Each structure stands twice: as structure tokens, then as C-alpha cells.
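Everything on this sheet refers to the single structure shown next.
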Amino acid sequence: MNQCLITGLRGIEIGVPDLNAAERFYIDTWHLAAVARTNDAVYLRGTGAAHHILVLVKSDRADVRAVVFNVASETDLHSIAHSVTEHGGRVLSGPEPVSGPGGGVQLEAQDPQGRVLRFVTGDERHTDTHDVKDRPVKITHVVLNSEDVSVAQPFFEKALGFRLSDRTRIMAFMRCSSDHHSIALADSQENSLNHIAFLMPDLDSVMRGGGRMNDAGYPIEWGVGRHGPGNNAFAYFLGPFDFVIEYTAEVQQVDDAYRTGGPDDWKWPPGRIDQWGIGKPPSDRMKAAQKTVFFFDSASTQK
């Protein structure tokens, strides 16, 4: 697939052992808003157009149920289904109508390393969209650990039409829209969730969000800083059940004229791990947590 049929990253669905506690955190502390509830799930929106960007599902353990993307049409869902199978993944279900909140038609597939990817079209969109200080707009990227990026990257490129924006020594940054990256694949010893990044309206909101999180007992685990690839400002935290979550702003916008960078383009002076060099480095707690949350289908087989 040369053309990317995906129009953007919509969000992520995660399993949490205590649904009520997770809901309180993501509404009261993280500043999302509940848009729908079922008996075993809560649907949360940002201030952007997506009906919801984060789904919390009652689970026995912390896990990832699906990374969710939007596509333009049902025809594109059928094209993705064919391409996924052709390039080593498998279709789990659909295309079929979405039975839950948000509606639309969806395709659910699994990539060659066991990640569940959901593609949705025709879902509800909010019209009351405007930036609100200190509130997330959307999920701008999800970083996935990969035990073999040489397998994962070609699948995202050939099966889904993603393009490589930059490759550092430890990570491949991939885009499906004008955002520098919507998915990043981190070299790792396991296929797990690395972190979820929530776009804030501006740098001031990242800073205020960091202070608010700190006041609530969630200290910054890395940052505040500014990344190289993507040029985005960041602050990382450990949310409930050790999900690594990021507030970010000022994500670089790119197009086909963007020159793909390699590891030699992204080297820092000794002792520095971001452009500013003023924030604290990643905590050991955060680095450990980045290796513990797996996709639901493979969770029972992981240690």
C-alpha cells in the first residue's frame, strides 16, 4: 500500500483493574471528560473533534485492548483488511458496525507482533471543539515497544501506508498525517506499550499540567524538555496501574517534503537527552513501567 488510507490516530483502549479509580484520575486529574459509559467501560474525550480518545475497560490487569485509527470510508476498511493479510497480519473482525458509543463501522486487525489495531470510519464527531487551557486536545501519538523493529516498521509502511519521519538509534517515528509521528516503534526486548502522548494546547498547558499532576501526587518522571524528532515539548508521568502518559505540545507538522533523518542526525552531547537539557532524565520507575503493559491477546503469555 503506497497511499496511507489512515486519516489520523483517534486514540487507545486500555484495560484497568479498578475502573472507578481510573475514571476519577483521567477526569479529575488528567482533565479529560466522560462522554459515555457502559457497565464495564468509560469513554473519555479531549477538546478535539473525536467522539472519544481514551476508553477504560474493566480488566484483571493493566493491558492494551486496541490502538484506534480513523479512515475516510468503508471502502478503505476493505482495502486495509486485504493489505493487512497480505503483509503478515490478520483480520480479527469486520468490517462491521460499531455496537458501542461513537458508532461507525470498524475493522479490527492484529499485526505480526500481536498488537491489536482498530480502524474506524463514519463515527460521531464533536462540533464543540476549541482549545481549553490545561486540557488535552487529543492523543497525538502512541509509542510501542518492539522486539524487532525490522518486522514492525515494514508492516506499518506496507500494510498501512505509514511513512518514516525519523529513525534514531532507539526509535522509528512514523506518520499517517501532518503530525511528525502518530506511532513510534521503540527497540526493545518485548512487544509492549511504551507510552501514550496527549496533546496540550500550548507549552504553558504542559507546564501547568505538570504542576497540577505534581500537586496530586504524580511527579514528573521525565522532563520538562523538548524532543529532537517531532520538536515537541514534553513531560512524562506514571498514571494509575503504571501506564506511562505524556503531556506534549508544539508537535512538528510535516509533509512529503520533510527529509527523513537517521541516527546520525539525532545525537546529543554527553549527558543530554533532549534539546533543552534542563529537565531530569527518565526515572527508573518510568523505564521499568514501560516494559510491563502488554496487549490483551498476549498478556497471559507475558511475564
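Each value in this text was obtained by applying a stated rule to the coordinates, not by laboratory testing. Since the model is a prediction, treat every value here as computed from it, not as a measurement. Neighbour counts run over all protein chains shown; Cβ positions are idealised from the backbone, glycine included.
For the chain, what is the relative contact order in percent, using Cα pairs closer than 8 Å and at least 6 residues apart in sequence?
Contact order relative to length: 18 percent.
Given labels modelled 7 Å from the Cα in the Cβ direction, how far is it in nm from Ser178 to Asp131?
With each label placed 7 Å out from Cα toward Cβ, I get 1.4 nm.
Below 8 Å, C-alpha to C-alpha, sequence gap of six or more: please give me the relative contact order for the range 6-121 in percent.
With pairs under 8 Å counted, the relative contact order is 26 percent.
Would you mind calculating the relative contact order of the range 138-290 from Cα pairs under 8 angstrom and at least 6 residues apart, reporting the percent as a whole number? Walk me through the numbers before you get to the answer.
Values: 317 pairs, mean separation 38.1, N = 153.
It comes to 25 percent, rounded to a whole number.
Once you order the gyration tensor axes a ≥ b ≥ c over the Cα atoms, which shape class does the range 101-219 get: rounded for a/c under 1.5, otherwise prolate or oblate by comparing a/b with b/c?
Working: a/c = 1.99, a/b = 1.29, b/c = 1.54.
Oblate.
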